[in-house]
Amino acid sequence: MKIGIVCYPTYGGSGIVATELGKELAARGHEIHFISSAPPFRLNRESENVNFHEVAATTYPLFDHTPYALALATKMAEIAELHELDLLHCHYAIPHSASAFLAKCMLEPRRLPVVTTLHGTDITLVGSDRSYLPITRFSIEKSDGVTAVSNYLREATYKTFGVRKEIEVIYNFVNCDLYTPAAESSLRRHYAPNGERVLIHLSNFRPVKRPTSVVEIFNIVQARLPAVLLMVGDGPERSSAEWLAHKYGIDRKVQFLGKRDNIEEFMACSDLLLLPSSNESFGLVALEAMASEVPVLVSKVGGLPEVLEDGLDGFLVEPENIEEMGRKALEILSDEDRRREMGKHARQTARARFCSKRIIPQYEMFYERILQTA
Ligand code: GMT
């Protein structure tokens, strides 16, 4: 198939899933055309089946804001025609699916089926804001196929938008050959030279990820055992988290590493992932940790209970309960045999339910169904 993939290029789950999906589909022989404002950050174009088309949104002194959605629609229509795309797959509804609808209308009577994958805040936060709700509902209804990354998100979409559209759940996936446990790690030697336990948090540091809570949980842990915390990523809450670590006097144990590419190496050198988000439709980073044999301590919210089994792959704790998160972290980290056992179970869960080999064919089948019916 010739597939156009539309996503945000920035550090965020929806862009990562879109990029990894495109790479996996290309490896399976499909021709992939990424359409975005910049190359998605995990995209490498080693495969000749992978193409990238930049949306250049021209600005003008009259515009307060550049009308990106219009430039995107124009680019979608142009690429679909030029490369004879079979379908467009939009990741994150806003504004991608609305632009795709415009592109589809522009090309009529040529057919251009549109698939939308809902990821999270396009439904639970941004999409449910009144300024976007009607257009998001419209774009979902007008898509030829809609998928959501968890049952939780599917139900949230029905509840928030009252749509009648059939929504198929296709879970997020992980490359289990890339995310693997490491017997030896130079990163671990570098960050934990004295055998400290390594805790990790990875996100785009938006308020929903609660990075300051990560520091609070770590503060409880480090008071009881030698430990370091790796904070990977960047975003608006980073300085508050840094300031808190300074206030607690633990800044030398907390490393803010900014955005990194070699995530699999950081995962593999860690002992525990912390993800105390206030909401999470899936929690891709938890899955990446699990595949690396790293137990996870996450909030009992959104789609996370669909991803891991409480007590076996890690723990699910109410997001506000920092004390309990601290206790559970210590429970895992103070018993190395148990921690390893949990890690192994977590990898088994990842392999059995969320490996790319298992999930990518679900997307292919979905596309085929849409192509037959749209
Ligand atoms: O919140 C993020 O990290 C980015 C956001 C996005 O849509 O770019 O992530 C959402 O999509 C990810 C991939 O499907 C999910 O793993 C995240 O759980 C989800 N984030 C939230 O629901 C807050």
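The values are calculated or read from the model by the stated rules, or taken from the named source; none is laboratory data. Keep in mind it's a predicted model, so treat the numbers as computed, not measured. Reconstructed Cβ throughout: ideal geometry from the backbone, glycine too, with neighbour counts over all protein chains shown. Calculation scope for accessible area: heavy atoms of the full protein, side chains included, ligands and nucleic acids excluded. Shrake-Rupley method; radii C 1.70, N 1.55, O 1.52, S 1.80 Å.
What the table shows:
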item	result
Residues located in the stretch 120-150, provided they are within 13 Å of the ligand (Cβ to nearest atom) and open to solvent by 20 Å² or more (accessible area, probe 1.4 Å)	THR121, THR124, LEU125, VAL126, SER128
Options GLU54, GLU46, GLU24, GLU31; residue that is of a type in the set (Asp, Glu) and within 17 Å of the chain's Cα centre (by Cα)	GLU24
Matching entry among ALA329, ALA374, ALA352 (being at pLDDT 95 or above and surrounded by 15 or more Cβ atoms within 10 Å (Cβ to Cβ))	ALA329
Residues (among the aromatic types (Phe, Trp, Tyr) and within 11 Å of the ligand (Cβ to nearest atom)) located in the stretch 4-41	TYR8, TYR11
Residue match in the stretch 78-93 (condition: at pLDDT below 95, in contact with a helix residue (DSSP H, G or I) (Cβ under 6 Å, 6 or more places away or on another chain) and hydroxyl-bearing (Ser, Thr, Tyr))	no
Selection count where residues are part of a loop (DSSP other than H, G, I, E, B) and either small (Gly, Ala, Ser) or surrounded by fewer than 16 Cβ atoms within 10 Å (Cβ to Cβ) (or both), scope the stretch 65-98	6
Filtered residues of the stretch 268-282 (kept if within 15 Å of the ligand (Cβ to nearest atom) and crowded, with 22+ Cβ neighbours inside 10 Å)	LEU273, LEU274, LEU275, PRO276, SER277, GLU280, SER281, PHE282
Residues within the stretch 285-306 that are surrounded by 18 or more Cβ atoms within 10 Å (Cβ to Cβ) and in contact with a strand residue (DSSP E or B) (Cβ under 8 Å, 6 or more places away or on another chain), tallied	14
Residues of the stretch 248-306 classified as among the aliphatic types (A, V, I, L, M) and in contact (Cβ under 8 Å) with a residue 40 or more places away in the chain, total	16
Among (1) away from the ligand (no atom under 13 Å from the Cβ); (2) part of a loop (DSSP other than H, G, I, E, B); (3) closer than 21 Å to ALA80 by Cα - the single one ASN44 does not satisfy	(3)
Some residue of the stretch 237-248 being open to solvent by 10 Å² or more (accessible area, probe 1.4 Å), more than 16 Å from the ligand (Cβ to nearest atom) and not in a helix (DSSP H, G or I)	yes
Matching residues, the stretch 151-195, being aliphatic (A, V, I, L, M) and open to solvent by less than 60 Å² (accessible area, probe 1.4 Å)	LEU153, ALA156, VAL163, ILE167, VAL169, ILE170, VAL174, ALA182, LEU187, ALA192
Members of the stretch 194-210 that are more than 10 Å from the ligand (Cβ to nearest atom) and either assigned to a strand (DSSP E or B) or within 21 Å of ASP337 (Cβ to Cβ) (or both)	GLY195, GLU196, ARG197, VAL198, LEU199, ILE200, HIS201
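To keep it simple, each residue is scored yes or no on (1) farther than 26 Å from GLU20 by Cβ; (2) within 16 Å of the ligand (Cβ to nearest atom).
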| residue | (1), (2) |
| --- | --- |
| MET290 | no, yes |
| PRO295 | no, no |
| GLY303 | no, yes |
| GLY311 | yes, no |
| LEU316 | no, yes |
| GLU331 | yes, no |
